[in-house]
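Asks: One structure, pasted below without further comment.
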């Protein structure tokens, strides 16, 4: 047997023996009062806890009312049957021909309709060409490096991710290249946490987590197009991108520029816009209760999530540094009127060194990575959406997890000193203020770092 092979001829023989056994009958109940009878061949994935987790989220989207639904890797057809019963227009596919047969039969048994095809995400053409309002896939989640822990047959093979870049990444590539996601559409996957390393153009957030007794965890993740439909513009030069947006409306509205003539930081300090720099602003909140401190720190976390480099640290509340030199500044500004309140979040980032200023106080992104203005712009847009965008059909923002991530980045910078006392242990409250023992600090000017 080739060491790179996932299954051997003996597994094929075992598969044949499985096929000789009669199928099992299961009554699946995704919700109290809802029951589906399913006939499941031995080589087809049956409904399990992860199926129930996806079912819960499909139900949360409400009646389909003719909206389009795609299930990749339909298995026994349980989730497609649920969606069809809720009024979605269902399409399903699976690379296992026995799963296609099972889904067809179970759909008919439950007196429902769907278009079901053999195929999936892979080198062949995807079996569907239209776009969908909701796309789901219970991803094969066991990496290729662990295949010696898994033995066939085909049903067990459906759990293995043998793709070198990961099937989650391949899924998003397939959806993008085939334009499978409809406007305002959503993608739901189940996989191991952080198994999708590159989300391409899509914002994402974990919705649910499933923990097993053996320590294994699976997460249900939602992917979407960031701030879809919001105004987005790039200008060569402007006074201040924050000022530009304070005159506009609409969450997600975004402008970026390579040069600012009137950029500013906290306390109206001048932000020096050097050559080869990035300045971008977003309207991140409107109306209701707004928390500028949390929003500003989320902007810093978005930058750190994009750049992903251990040399970077966060100096609370709004500076990102390489060592002691400033790379990036973040500024949240609010505007209130009798009719509305909004917060604009601005990010200024040095992309390259400048001959026009003293570089001893400034760091540049080119020192640690190669990128472009355009790449930074779309990646920041995606990350801010992942952290801040809200909608009834998106997972709720996990504020406590965001704060924990921010504190972790702050610890790289050092230890805060207040009134001559160093605080090894520190935290953030819900408003983004720094908690040092019994002290609550709302101004970075009051803190030194060692």
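The values are calculated or read from the model by the stated rules, or taken from the named source; none is laboratory data. In this text the structure is predicted, and so the values were computed from the model without any measurement. Here the Cβ is made from the backbone with ideal geometry for all residues, glycine too, and neighbour counts use every protein chain on show.
Asks: Tell me whether segment 353-362 contains one or more residues that are crowded, with 19+ Cβ neighbours inside 10 Å and either over 22 Å from the mean Cα position of the chain (by Cα) or part of a helix (DSSP H, G or I) (or both).
Replies: No, segment 353-362 has no match at all.
Yes/no matrix, rows are residues, columns are (1) within 30 Å of residue 51 (Cα to Cα); (2) modelled with pLDDT under 90; (3) loosely packed, with under 14 Cβ neighbours inside 10 Å:
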| position | (1), (2), (3) |
| --- | --- |
| 199 | yes, no, no |
| 206 | yes, no, no |
| 209 | yes, no, yes |
| 213 | yes, yes, yes |
| 219 | yes, no, no |
| 226 | yes, no, no |
| 230 | no, no, no |
| 243 | no, no, no |
| 246 | no, no, no |
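Asks: Okay, moving on. Given (1) modelled with pLDDT of 95 or more; (2) in a loop (DSSP other than H, G, I, E, B), where does residue 431 come up short, assuming only one miss?
Replies: Condition (1) is where residue 431 drops out.
Asks: How many residues are over 17 Å from residue 321 (Cβ atoms) and either in contact with a helix residue (DSSP H, G or I) (Cβ under 7 Å, 6 or more places away or on another chain) or outside any strand (DSSP E or B) (or both) if we restrict to segment 402-421?
Replies: 7
Asks: Read through the list (1) part of a helix (DSSP H, G or I); (2) surrounded by fewer than 23 Cβ atoms within 10 Å (Cβ to Cβ), then give the number of the only condition that residue 80 fails.
Replies: (2)
Asks: Return the residues of segment 372-393 that are assigned to a loop (DSSP other than H, G, I, E, B) and surrounded by fewer than 16 Cβ atoms within 10 Å (Cβ to Cβ); say none if nothing qualifies.
Replies: 372, 390, 391, 392, 393
Each row is one residue, and each column tells you yes or no for (1) crowded, with 23+ Cβ neighbours inside 10 Å; (2) touching a residue at least 24 places away in the same chain (Cβ under 8 Å).
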position: 284; (1), (2): yes, yes
position: 290; (1), (2): no, yes
position: 317; (1), (2): yes, yes
position: 336; (1), (2): no, no
position: 342; (1), (2): no, yes
position: 350; (1), (2): yes, yes
position: 369; (1), (2): no, yes
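Yes/no matrix, rows are residues, columns are (1) in a helix (DSSP H, G or I); (2) surrounded by fewer than 20 Cβ atoms within 10 Å (Cβ to Cβ):
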{"position": "93", "(1), (2)": "no, no"}
{"position": "101", "(1), (2)": "yes, yes"}
{"position": "104", "(1), (2)": "yes, yes"}
{"position": "112", "(1), (2)": "no, yes"}
{"position": "121", "(1), (2)": "no, no"}
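Asks: Counting only residues that are out of contact with any strand residue (DSSP E or B) (no Cβ under 6 Å at 6 or more places or on another chain) and under 12 Å from residue 279 (Cα atoms), which one in segment 248-262 is modelled with the highest pLDDT?
Replies: Restricting to residues being out of contact with any strand residue (DSSP E or B) (no Cβ under 6 Å at 6 or more places or on another chain) and under 12 Å from residue 279 (Cα atoms), the top hit is 258.
Asks: With (1) assigned to a loop (DSSP other than H, G, I, E, B); (2) closer than 24 Å to residue 207 by Cα as the list, and residue 424 as the residue in question, which single condition is left unmet?
Replies: Result: residue 424 passes all but (2).
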